[in-house]
Structures are given as structure tokens and as C-alpha cells.
Amino acid sequence: MATIAVLGTLDSKGHEHAFVAEAIRSLGHQALLIDVGCLGDPQVVPQIARHDILPSLADLPLDRGLRVAAMAEAAPPYVARLAAAGRIQAIISLGGGGGTAIASAAMRALPLGFPKLMVSTLASGNTAPYVGVKDIVMMPSIVDVSGLNRISRKLFAQAAGAICGMVQVAPPETSEAKPVIVASMFGNTTDCVTEAKRLLEAADYEVLVFAATGQGGKTMESLIESGLVSGVLDITTTEWADQLVGGVLSAGPHRLEAVGRARLPAVVAPGCLDMVNFGTPDSVPATFRDRLFYHHNPQVTLMRTSPEENTALGHILADKINAYPAPVTVLLPLGGISVISAPGGPFHDPAADAALFHALRSSLRADIPVLEHPGNINDPAFAAACAHALLHNIAAHAAQPPQP
């Protein structure tokens, strides 16, 4: 039997959270009702009161935005302490805008694998600000979280069943404790990463692959800093093209920095820096109307990066890699940095690739090896070169004396 935190703004949504708590109890688990309301009195009696979480709440002005922000700052460390002490094994919440902001902030403070379910009026929109780099399940509430009716009762009961199921199901036990390598991948580098992954797994590593879709890159960076990773295969650095040019899959200006802070061995390649990602064709800014495009699918439009943009990207990557204290190797596929930039492909542009490669070579530290391969990034031989270079760097790193 697990204890599941039922956290919510009980001044406006108390009856709804009490309904979920009772549904959890009916399924054989305990529910811990936590109030993070900021304004009116709670509609039901909580087991953890709001003032236990934010003792200064009564002293704050009666400004909703200010109080929500204060509670969103106080709730995460409080909930994290409950989890660390073993008092809760899962968490669920129901919310509109304010409730989702507070509850999702608390959920982001919990570790990966800790069951988290957010039923929200905002779950069908852009959930990135609420999920961050954590494994929060966002479930659309369909109707507003405002009373119990024929739709909300069914959905809230299903949400209670979902969080109970999440806490009941454990992964199969295994005696394996292989060291972890993380890798970045895109559809246009799938063959490369798949083959490199096969070779690294044959060398007795566990390889976790992250889609280079902005959020995927942020999540990979977060895991790198967690201390769980032994090496980094950053084949697909495409998110920097979106960051520089203004595409929709940017991972932000700190992408590629976690390796340096974690002092990990790495391999880096300029995978898919030939493309900037947009949505449907009508979503592409008018300023780019004269550029070269490739329609990857009805929802994804790719724009070819220019030689000037590739020069800037080469300097950016070199600047990030130059900060890596552990062994790192840069690999350049001279036959194209994606499927579609190979000879004969729609994004084949030797001048743009040459600008990228020259900027990288000329800006890297002199002691960082740069290996060139005549083929495309997805050639099996290039994938093998990446895997072997990373294994070499991991071994060299292990042979180094510990850093103070």
C-alpha cells in the first residue's frame, strides 16, 4: 500500500481533490491531502495545511499572482522532503492555471521515476513550462476543474486509477548495473546512432537515446549533470541551429554545457546542423521566404542553414567544446551531416558544410582531436568511428588521476 499525495488549491478545488483522494483509498492506497491554496479558506480539511508549507502566507498582500508565485516556490522543497522521507510514493493534482503552476513546480522537484500526474485545463497546449525535464504525465481535464459532474467524475476517477497503477507497477528486477552513455538523435541521424548504440552496448554499456527536439536536449543535459552518466555521444547537435536562427526546437543557449560541468568524456558531431525546424509551411516567418525548404511531413518544415549560419554554428560548438576538461573528440562526416544533405539530397550544400567544418576546426583547442570521415553521417563506418572514439575517451578518462 502506497501513500499518494493529493496536492491542490483546496480553497477553489477542494471537493474535486477530496473526490480523487477517496477514489485512491477505494483502490487500496492511502491519500495525503495537501492544501496549496493561497486565498480563501479550504473547502475540505487537509492533512497538510497551506501554512505548514508557506508560514508567511498570511503576511503576504491579497494579490493572487504574488501568492501563487510564493506558493510555487515554497511547495517544491516541501514535497521533495516528503518524498525523501518516504512519506509519499506518488503525487497527483487537479488544476487550472494557478493550480497547475504550483503543482507542476512541486512535481518537478521530484526525481525521475517518481509517479507524477497533473490533470489540467492546460494539458492540451504547450506543456513544456510545466513539465520541464521531468516525467510529469499531463492529462487534459476536458471540462474546467470546477465541480463534480458526469464528465469530471469519470475523468477524475480514471486519473486516480492511473496514479494507483503507476505506483503499483515496478520495473522488472535486474542484477545488471551497466555504466550509462547518453546519446542525441534525430530522424536524420537515426541510422548512425542506432549502429553506434549497438557497438557501445556490445562493449557492456547501457545507452539512453534522447530526441534532439529541444526538450529532449534539455532532458539529456539534466541527466548528464545528475552524476548517473559515464560518457556522452552527442551526435545530433541540431538544436543549436534552431537556437541561432529561430526555429521551434531550440534547447536554449546552454545546450552542450553540461558535459563540461560534469567533466565527462564525450564525442561530438555536427549532426543535422543543416536544418532549422518549423511547423506547417504557413508557420515559417516571412523573412525566410526565399530560403531552401524541405517538407519533412505535413507538420514539419525544414529550412537549410546558410554558409554564414554554419560559420556561426561552428564557432558556437567549438566554444562549448573548448570548455570540456575530460577527453573529447570531434568527428566530421564530410559526405553530409544528415540524410538529406548527402550528395544528391535536397539539402546537399558543400559550401555550407565546408563553412561549418572550417569554423569548428579553426576555433577548437589545439589538443582536441578532430577526425574526418569521407562518408555521410549515417554510414556504418562513421557510426563505428564515433563509438570507438567514445570508448577510447572513456578509458583515457578513467586512467586520469581524480580531479580535486
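Given the alternatives (1) 20.9; (2) 18.7; (3) 23.3, mean projected area of the Cα convex hull in nm² as computed for this entry is given by (3).
Working note: Karplus 6.51/-1.76/1.60 with θ = phi - 60° gives the stretch 62-75 the couplings 7, 10, 4, x, 5, 5, 4, 4, 5, 5, 5, 8, 7, 5 Hz, where Gly and Pro are set to x.
The charge dipole of the chain, taken about the Cα centre with unit charges on the Cβ atoms of Lys, Arg (+1) and Asp, Glu (-1), comes to about 860 debye, rounded to the nearest 20. Using only helices, what value at 222 nm comes out for the chain when you add -39,500 (n - 2.57) per DSSP H run of length 4 or more and divide by the total residues, to the nearest 500 deg cm²/dmol? Per the formula, -12500 deg cm²/dmol. Name the shape class, rounded, prolate or oblate, that the alpha-carbon gyration tensor gives for the stretch 333-392, where a ≥ b ≥ c are the square roots of its eigenvalues, rounded holds for a/c under 1.5, and otherwise prolate holds if a/b is larger than b/c and oblate otherwise. Verdict is oblate for the stretch 333-392. Relative to the dominant Cα principal axis of the chain, helix 10-26 is inclined by about 90°.
Extension gain, Q168 to N126, is 12.2 nm, computed as 0.36 nm per intervening residue step minus the present C-alpha separation. Applying a DSSP loop filter and a limit of 15 other Cβ atoms within 10 Å to the trypsin sites (Lys or Arg not before Pro) in the stretch 236-268 leaves R263. In the chain, the sites counted are GluC sites (Glu not before Pro) in DSSP loop states with at most 11 other Cβ atoms within 10 Å, and the longest stretch holding none of them, exclusive of the sites, is 177-404. Between the stretch 173-229 and the stretch 241-257, the C-alpha centres lie 20 angstrom from each other.
Could you give the angle, 0 to 90 degrees to the nearest 10, between helix 190-202's Cα long axis and the longest principal axis of the Cα atoms of the chain? It is inclined by approximately 80 degrees.
Given their separation in residues at 0.36 nm each and the Cα-Cα distance between them, H15 and R150 gain 47.1 nm when the chain is fully extended. Descending by average beta-carbon neighbour count within 10 Å, the peptides 393-401, 378-386, 74-82 line up as 378-386, 74-82, 393-401, the highest first.
Which of the three applies to the stretch 3-168, rounded, prolate or oblate, going by the alpha-carbon gyration tensor with a ≥ b ≥ c and a/c under 1.5 meaning rounded? The shape class here is rounded.
Read-outs throughout are calculated quantities, based only on the coordinates presented, and are distinct from any laboratory measurement. Computed from a prediction, not measured in an experiment: that's the story for all the values here. Ideal geometry is used to build each Cβ from the backbone, glycine not excepted, and the neighbour counts take in all protein chains shown.
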